[in-house]
1. Just rank Y304, Y46, fewest to most, by other beta-carbon atoms within 10 angstrom.
2. Could you grab the Rg to Rh ratio for segment 20-85? Cα atoms only, Kirkwood for Rh.
3. For the chain, what does the helix formula give at 222 nm: sum of -39500 (n - 2.57) over DSSP H segments with n ≥ 4, over the residue count, nearest 500 deg cm²/dmol?
4. What is the projected area of the convex hull of the Cα atoms of segment 207-296, averaged over all directions, in nm²?
5. Any idea what the relative contact order of the chain is, in percent, if you count C-alpha pairs under 8 Å spaced at least 6 apart?
6. Which percent, nearest 5, of DSSP beta bridges in the chain are antiparallel?
7. Tell me which label goes with the value of mean projected area of the Cα convex hull in nm² computed from the coordinates here: (i) 16.0; (ii) 20.8; (iii) 19.0.
8. Which ordering of E48, E142 is given by a fewest-first count of other beta-carbon atoms within 10 Å?
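Nothing in this text is a laboratory measurement; each read-out follows from the coordinates by a stated rule. Being a predicted model, the structure only gives us computed values, none of them experimental. Every residue, glycine among them, receives a Cβ derived from its backbone with ideal geometry; neighbour counts consider all protein chains shown.
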Amino acid sequence: MINGFYTIDFHVHIQDQDTQNKLCPDDRKSLFFQHAVPILERVANYSEPIHDEFVKYVALNLRDPISRYVYNKAGQLGLMETLRLFKVYDINRLLFKMNKLNIDHAVIHSLEPLTSTQNLLDLTLPYADKISVFASVDRNNENPIGYLTDLLNTGRIKGFKIHPQVGGYACGELYHSVKEIAQLAKQNNLPMMFHTGHIPSDDLSDIHGCSEVEAIEPLIVDFPSVNFVLAHIGWESWRHVLNLAKKYPNVYVETSWQPANVIRRACDLLGANRVIFGSDFPLLKQEVSLKQVQKALSTKELAYVLSANSRKLLNLEPVDRSKNSNLTNVINFS
């Protein structure tokens, strides 16, 4: 617990070896990956404490068009670092970091066709009390609802994840491709998490889907009883995301990759009861994301952002407040 609150990281990723082999296979055939990456990866394992600070600062503070153009040109280097982080930070490292930082629960998101939801369910089964799983489905799956229904029958799926860019959804097809999934979420009282924000990797062959926040709005309008969580508060598109969330009470925003001033704006505009703490581990360290929300928010706001909002969306059992006077004094969770 942090500040006495049952703390939930609402946005975490884990990869298994199968996923590693699937991620951007064509890009990994390049000369850069064949010859330079084996050397750079070994160096990066040692330089991470230094270069991670630089990457963190840049990503949190520089999102202008020129910066994003530079990021695009370094797409293969970014892919290398992404793959390296997923190799290093496996399920055991996640649990170690959660314990060290007093994070009680995490939500792992599937990204099919890259990350198999069933593999994640198998991987996290021994830790079901500490980890929830959001399911996804390949847009090319011929029976997406049947596939997701089978996963729901495990009793362990807490929501659905849609990543328009990684999933390859064009903006014009997003609504029609996802509306049946939203209907399934409605029927099962499950939230839907959408990636928002442009991934600056246009030169990578497999990352080419929709990055326009406005493409999600028709789903939000047509499914007012479904709670939609917009990841990263849109990163560079945070103004668009906050304007969208302000219009619709069924929209929450998640804090990863945002500095304290944007998180502060989100709480001022929406109220702390619609802002959710997430880290995007291992791509961004949990301690970095925690520092930003703690810098931005009051103790009462943290009670919502670190705990109450996520517990509500995940339908987690209430915390025993008799063992935690801070929870009792700060907020009513009923």
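1. Final ranking by Cβ density, sparse to dense: Y46, Y304.
2. 0.98
3. Estimated from H runs of four or more residues: -13500 deg cm²/dmol.
4. 5.9
5. Once normalised by length, the contact order is 20 percent.
6. 5
7. (i)
8. Ordered from fewest to most neighbouring Cβ atoms within 10 Å, E48, E142 come out as E142, E48.
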